[in-house]
Amino acid sequence: MTAYKEKYDNYLADFETVLDGFCGRLDCKPEKLADSLKYSLKSGGKRLRPVLMFAVGELLGVERTSLTNYALALELIHTYSLIHDDLPEMDNDDYRRGRLTNHKVFGVGNAVLAGDGLLNTAYSLLFGECFNGNDRVSAAKFICDCAGINGMIAGQAADLEHENDTTVDENLLNFIYENKTAKLLIAAVVVPSILCGGKYYSELKTFGSVLGNLFQLTDDILDIEGSFEQLGKSTGKDSAEGKYTGVRLYGLDGSKVRADVLAVKCTGILEKFEGDTSFLKDLVSFVRQRIC
């Protein structure tokens, strides 16, 4: 096992313990609602956002216990967004992470409610942290802003509105990438900075932005070159649905070159940090190498 994989698995195991505890305490009625929440939360996935938060927290010397509720809230927000993104009125996907999507198992109406429930529960966790000091308030607000109408929701709305546009504008594509994908990754790396007085705040915000753009670009490429077995979801849908993607703007080869540039930029930002950034650099390579 490589040092990177071992460390990733350790961060992942720590977060899964937190998530298991949350699901074990989850007691809501009707039972179908609780089952649908747990179904999507426990469907696997890379848990990239909590792992990033834990890794940056370790780099900055932030206690893991100070981050757990923020990491959990962020994963709840991400999961709600996937449930809603898969709905027939959105991307209309039947599979997510190799399993039937929430609405295919529990129905569209209940999937909407499950997503709403996860978002509201995430905010409840964040509000609970606000009793512990002003830095906690700032961290909670940062996540809320990244997830809201000036963040992820704005990116999703633009993505939906511009399906089947005949041309692709780079500024609009950047807006979609930044908000739809990058904002939650920015939240993951900036929250630890907020909790330790803003150390490397600007650098981490830029790092999260560039990494988010890299992640979304590789997703666009994998929609063409990937497989269901590799991704756990249907491929070829971006082109079929006229999605606003990097591949439409830069071409397949051009997108790969751009992904290389973004990866180098991420690594360059990390060179400015004191301490061991090898794990974060390896994580950047992992995101880039998904399409190699």
Inset, instruction - Using a 1.4 Å probe over the heavy atoms of the protein chains, calculate the carbon and sulfur portion of the accessible area of the chain as a whole percent. - result: 52 percent
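Just how many % of Cα pairs in segment 133-292 lie over 29 Å apart, if you round to the nearest whole percent?
Counting every Cα pair in segment 133-292, those more than 29 Å apart make up 21 percent.
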Legend entry - Note, ³J(HN,Hα) from phi for segment 246-255, Karplus 6.51, -1.76, 1.60, rounded to Hz, x at Gly and Pro: x, 5, 5, 8, 9, x, 5, 5, x, 5
Inset, instruction - Assign one of three labels to segment 59-185, namely rounded, prolate or oblate, based on the Cα gyration tensor with a ≥ b ≥ c the square roots of its eigenvalues; rounded applies when a/c is under 1.5, prolate when it is not and a/b is larger than b/c, and oblate otherwise. - result: oblate
Inset, instruction - Please compute the net charge surrounding Val210, taking Lys and Arg as +1 and Asp and Glu as -1 over other residues with Cβ under 14 Å from its Cβ. - result: +3
Legend entry - segment 1-18 and segment 45-86: distance between their alpha carbon centers, rounded to Å: 13 Å
Inset, instruction - With a probe of 1.4 Å, find how much accessible area the chain has per residue, and write the answer as a whole number in Å². - result: 44 Å²
Inset, instruction - Give the long-range amide H neighbours of Arg96: residues separated by 5 or more places, or on another chain, with amide H under 5 Å away, using H modelled in the peptide plane at 1.01 Å from N. - result: Thr101
Legend entry - the chain: Rg to Rh, with Rh as the Kirkwood radius over Cα pairs: 0.94
Legend entry - Mean-position separation - Cα centroids, segment 113-158 and segment 198-219, in angstrom: 19 Å
Inset, instruction - Specify which residue in the list Val261, Ile149, Thr79 is farthest towards the positive end of the charge dipole of the chain, using unit charges on the beta carbon of Lys, Arg (+1) and Asp, Glu (-1), about the Cα centre. - result: Thr79
Inset, instruction - Run the dipole for the chain about the Cα centre, Lys and Arg Cβ at +1, Asp and Glu Cβ at -1, nothing else charged, and hand back the magnitude in debye, nearest 20. - result: 540 debye
Legend entry - In sequence order, calculated HN-Hα J values of segment 63-79 (Karplus, 6.51, -1.76, 1.60; Hz; x Gly/Pro): 4, 4, 5, 6, 9, 4, 5, 5, 5, 5, 4, 5, 5, 5, 5, 4, 5
Inset, instruction - Using only Cα atoms, locate the centre of segment 173-191 and the centre of segment 240-292, then give the distance between them in Å, rounded to an integer. - result: 14 Å
Legend entry - segment 6-93: projected area of the alpha-carbon convex hull, averaged over directions, in nm²: 6.5 nm²
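The values are calculated or read from the model by the stated rules, or taken from the named source; none is laboratory data. On a predicted model such as this, the values are computed, not experimentally measured, just so you know. Quick reminder, even Gly has a Cβ in these numbers, built from the backbone with ideal geometry, and neighbours come from all protein chains shown. The accessibility values were calculated without ligands, DNA or RNA, using every heavy atom of the protein model including side chains. Shrake-Rupley method; radii C 1.70, N 1.55, O 1.52, S 1.80 Å.
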